[in-house]
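One structure below.
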Amino acid sequence: MTKREHKKQLIIDTAFKVWGENFFYNTSLSSLADAMGMSKPAIYRYFNNKEALVLAMKEDFISKYQSLLKKTSKNGLKDINSILLDYTEIPIRFFAGNYNYYRFIFLKLFSQERDLTKLLDDMKGSEDHFAGPILFQSIGLIKIDALSL
């Protein structure tokens, strides 16, 4: 990892921590810059705007979560009980240890859908509820993102 990539990752990690502590209600670049001891314009060297940083955060989360799922599927478990336990226990441990990711998913990504009840009603009856096109349109996920979540 280059020095620039390392700094970019540090900004992403700090954004999860700082903004997550405020439940992503105050997602100002100023608060992030203050927490990092750098100027707001310095953040713009790495991200064009706040939306670009939020997108990088989304990609970072999905990448980490997909790696976790890949690791889970490679455990070589033979019986269905072990497989189900692994696929439920590992994500729970992940979110318990990374609560700001959990907050990010539900408060930042899902908050883009103003009427969640309407969204859920529209999805009823679909065989593949989570990967339905209405969900993609509503919160801006692509199919691989939705399947990972």
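Between residue 95 and residue 50, what FRET efficiency follows from the Cβ-Cβ distance if R0 is 22 Å, with the result rounded to 0.05? Present the calculation step by step, with values, prior to reporting the outcome.
Values: r = 24 Å, r/R0 = 1.11.
Taking R0 as 22 Å, the efficiency between residue 95 and residue 50 is 0.35.
Give a quick list of chymotrypsin sites (Phe, Trp or Tyr not before Pro) in the stretch 1-81 that DSSP marks as loop, anything other than H, G, I, E or B, with at most 10 other Cβ atoms within 10 Å.
Here the sparse-neighbourhood loop sites are 25.
Quick one: which of 50/70; 7/58; 40/70 span more than 26 angstrom between C-alpha atoms?
50/70; 40/70, as the Cα separations exceed 26 Å there.
Each reported figure results from applying straightforward, stated rules to the coordinates on display, with no laboratory input. Just so it is clear, the structure is predicted and the values come from calculations on it, not from any experiment. Every residue, glycine as well, gets a Cβ built from its backbone with ideal geometry; the counts of neighbours run over all protein chains shown.
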